[in-house]
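Q: Next up is a structure, given as structure tokens.
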Amino acid sequence: GDSVTQMEGPVTLSEEAFLTINCTYTATGYPSLFWYVQYPGEGLQLLLKATKADDKGSNKGFEATYRKETTSFHLEKGSVQVSDSAVYFCALSDRRTSGSRLTFGEGTQLTVNP
Amino acid sequence: GAVVSQHPSWVICKSGTSVKIECRSLDFQATTMFWYRQFPKQSLMLMATSNEGSKATYEQGVEKDKFLINHASLTLSTLTVTSAHPEDSSFYICSARGLASSYNEQFFGPGTRLTVL
């Protein structure tokens, strides 16, 4: 079945550092890929998404490119802020094989220090 | 647009009682709602999927008699944890998906923290 693997956390960075959170996936079909962010005590918010190979999703300075050849969707940001501290989840959805259900990775805790 | 609310945001109850959690789509019609459970520092586990007007589809290992889901309207789904026990303590999150193209993805509620004493 479909699965998502994220780099293990927690990740601790200083403000203005470069961020990469790795995400790879396994899917039998042609999934859409997502990054969600969860701030402490809150639900999930969609950060960005990509629906087909080579698409780049971007939002709030974060970017991720759908790489079919490496089955990856790594999240990057050039300069993190303290307010980016949160848990980040990579996820996929393959309408053709699993309807609209989302498969989540394990989540990566990011802490940004001033 | 695409706002999903949950009520209550947190609840504390005694062991053996039942607790109802509401999930509402505020500005769109949600044909499908999803209920997740999240343990501390872990990912979201899908519990069940409900379509308006029909019975919920539960994931393997989730007791349908313990976690009652009702999706009676296009804007409301409820999760009732019956005869709650301390091991049911968790963060419950719902999401909703509509038919219109601009709502054709999952939008998440803020979550409900359940503590069973």
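The values are calculated or read from the model by the stated rules, or taken from the named source; none is laboratory data. Note that the coordinates shown come from a computational prediction; the quantities given were computed from them, not determined experimentally. Here Cβ is always computed from backbone atoms with ideal geometry, including for glycine, and neighbour counts include all displayed protein chains.
Q: Would you be able to say whether some residue in segment B:25-34 is modelled with pLDDT under 95, surrounded by fewer than 20 Cβ atoms within 10 Å (Cβ to Cβ) and among the hydrophobic types (A, V, I, L, M, F, W, C)?
A: Yes.
Q: A:Ser79 - would you say it is exposed (fewer than 14 other Cβ atoms within 10 Å of the Cβ) and in contact (Cβ under 8 Å) with a residue 12 or more places away in the chain?
A: The answer is yes for A:Ser79.
Q: Give the number of residues within segment B:80-111 that are closer than 12 Å to B:Tyr36 by Cβ, of a type in the set (Gly, Ala, Ser) and not in a strand (DSSP E or B).
A: Total satisfying the criteria: 2.
Q: With respect to B:Gln6, determine if the residue is of a type outside the set (A, V, I, L, M) and closer than 17 Å to A:Leu102 by Cα.
A: Numbers: of a type outside the set (A, V, I, L, M): yes; closer than 17 Å to A:Leu102 by Cα: no.
No.
Q: Quick test for you: out of A:Tyr66, A:Tyr88, pick the one residue that is farther than 23 Å from B:Tyr36 by Cβ, buried (at least 20 other Cβ atoms within 10 Å of the Cβ) and either within 11 Å of another protein chain (Cβ to nearest Cβ) or of a type outside the set (Asp, Glu) (or both).
A: Answer to the selection: A:Tyr66.
Q: Which of the residues spanning segment A:12-31 are within 14 Å of the chain's Cα centre (by Cα) and surrounded by fewer than 21 Cβ atoms within 10 Å (Cβ to Cβ)?
A: Those that are within 14 Å of the chain's Cα centre (by Cα) and surrounded by fewer than 21 Cβ atoms within 10 Å (Cβ to Cβ): A:Leu19, A:Thr20, A:Asn22, A:Thr24.
Every residue, every condition in (1) within 13 Å of chain A (Cβ to nearest Cβ); (2) not β-branched (Val, Ile, Thr), yes or no:
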residue	(1), (2)
B:Ala2	yes, yes
B:Ser5	yes, yes
B:Val11	no, no
B:Phe34	yes, yes
B:Lys66	no, yes
B:Asn70	no, yes
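Q: Scanning segment A:91-102 for residues that are more than 7 Å from chain B (Cβ to nearest Cβ) and at pLDDT below 90, which turns out surrounded by the fewest Cβ atoms within 10 Å (Cβ to Cβ)?
A: The qualifying residue surrounded by the fewest Cβ atoms within 10 Å (Cβ to Cβ) is A:Arg96.
Q: Still on this model: Under 6 Å between Cβ atoms, which residue pairs at least 6 apart in sequence (or on different chains) link something in segment B:37-49 that is more than 9 Å from chain A (Cβ to nearest Cβ) with a partner that is basic (Lys, Arg) and part of a strand (DSSP E or B)?
A: B:Met47/B:Arg37
Q: Can you tell me which residues in segment B:77-92 are within 16 Å of B:Thr49 (Cβ to Cβ) and either at pLDDT below 95 or of a type in the set (Ser, Thr, Tyr) (or both)?
A: Step one: list which residues in segment B:77-92 are within 16 Å of B:Thr49 (Cβ to Cβ), which gives B:77-79, B:92.
Within segment B:77-92, B:Ser77, B:Thr78, B:Tyr92 meet the criteria.
Q: Can I ask one more? Counting only residues that are exposed (fewer than 13 other Cβ atoms within 10 Å of the Cβ) and away from chain B (no Cβ under 13 Å), which one in segment A:41-63 is farthest from A:Val4 (Cα to Cα)?
A: Step by step, filter segment A:41-63, then rank; the result is A:Lys60.
Q: Kindly provide the set of residues from segment A:1-56 that are of a type in the set (D, E, K, R), under 17 Å from A:Thr103 (Cβ atoms) and touching a helix residue (DSSP H, G or I) at 6+ places or on another chain (Cβ under 9 Å), ordered by number.
A: Once the filter is applied, which keeps residues that are of a type in the set (D, E, K, R), under 17 Å from A:Thr103 (Cβ atoms) and touching a helix residue (DSSP H, G or I) at 6+ places or on another chain (Cβ under 9 Å), segment A:1-56 yields only A:Asp2.
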